[in-house]
Amino acid sequence: MYEYIKGVLVETTPAYAVVDCGGVGYYVHISVNTYSNIATKNDVLLYVHQIVREDALLLYGFFTQEERSLFRALISVSGIGANTANVMLSSMSVDEITNAILTDNVNAIKSVKGIGVKTAQRVIIELKDKIGKEAAVLENLKVAVAPVKEEAQAALVALGFTKALVVKTLDKILAGNRDVTVEELIKLALKCM
């Protein structure tokens, strides 16, 4: 199973991207949300989900691990295939889908093309507990990371870096590694800026 593909973005549309990685062009299905994040970039990193079928080897790419995680949860629901999950992620953001599931908002999920009332209800029933637990864990991680991030941010701004650049860099580092000390975070940020 592939974790991610990193390379040069050769071609992109709202439905797919072609990423050149080591001289091989990978055709990766993407959502509109991912497209909006990578459309103007030259080099990209897409977290991928691989689907092997009898007649095809398919790669679905996502700008964030959260989007990929939600995609995997959606395709675990009976009646939701990869294409339908991709349409859902194109029609709604990760937060909108998560909130719709947690608040039992059938109409929001039903508003996605190809999703009926019964399928929307099934998505809510099958994913509410799973998404709720993941949301609670993520919230706890955000609370634990907040003081470390704030302290590192203050130090980097004091060194003369702009706040916008510092916030963007720290978010990128913390997305991949949440278990760092303030000192480690500052060192990693200095290497990235």
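Every number in this text was worked out from the coordinates using simple rules, so none of it is lab data. Here the structure is a predicted model, which is why all the values come from computation and not from measurement. Backbone-built Cβ (ideal geometry, glycine too); neighbour counts: all protein chains shown.
Which of the lysines could a cross-linker bridge to Lys41, judged by Cα under 19 Å and excluding same-chain residues fewer than eight apart?
Partners within reach: Lys6, Lys168, Lys172.
Output the 0 to 90 degree angle, nearest 10, between the alpha-carbon long axis of helix 65-75 and the longest principal axis computed from the alpha carbons of the chain.
Tilt of helix 65-75: around 10 degrees.
Counting only the backbone N, which residues of segment 1-18 are under 13 Å from the spot 7 Å out from the Cα of Lys41 toward its beta-carbon?
It comes to 4-10, 17-18, nothing else.
Would you list which aspartates and glutamates come within 12 Å of Lys149, measuring only between C-alpha atoms, while excluding same-chain residues fewer than 8 positions from it?
Straight-line reach from Lys149, under 12 Å: Asp171, Asp179, Glu183, Glu184.
Among [x] 10.4; [y] 12.5; [z] 11.5, only one was calculated for this model; which label is it, if the read-out is mean projected area of the Cα convex hull in nm²?
Read-out taken from this structure: [y].
Run the quick spin-label model on Asp129 and Ala15: label points 7 Å from Cα toward the beta carbon, then report their separation in nm to one decimal.
For Asp129 paired with Ala15, the spin-label model returns 3.8 nm.
Just from its helices, what would the mean residue ellipticity at 222 nm be for the chain, if runs of 4 or more DSSP H residues each count -39500 (n - 2.57) and the sum is divided by every residue, rounded to the nearest 500 deg cm²/dmol?
Counting only the DSSP helices, I get -18000 deg cm²/dmol.
Taking a cut-off of 17 Å between Cα atoms, list the aspartates and glutamates near Lys130, but don't count ones fewer than 8 places away on the same chain.
Result set, ordered by chain and number: Glu66, Glu67, Asp95, Glu96, Asp104, Glu139.
Efficiency by 1/(1 + (r/R0)^6): what FRET value for Asp104 and Glu54, r their Cβ-Cβ distance, R0 = 35 Å, to the nearest 0.05?
0.40
Work out the charge dipole of segment 65-137 with +1 on the Cβ of Lys and Arg and -1 on the Cβ of Asp and Glu about the Cα centre, then indicate which of Val106, Phe71, Val117 is farthest towards its positive end.
Towards the positive end, the residue furthest out is Val117.
Where does helix 163-176 land angle-wise versus the long Cα axis of the chain, in degrees 0 to 90, nearest 10?
Rounded to the nearest ten degrees, it is 60.
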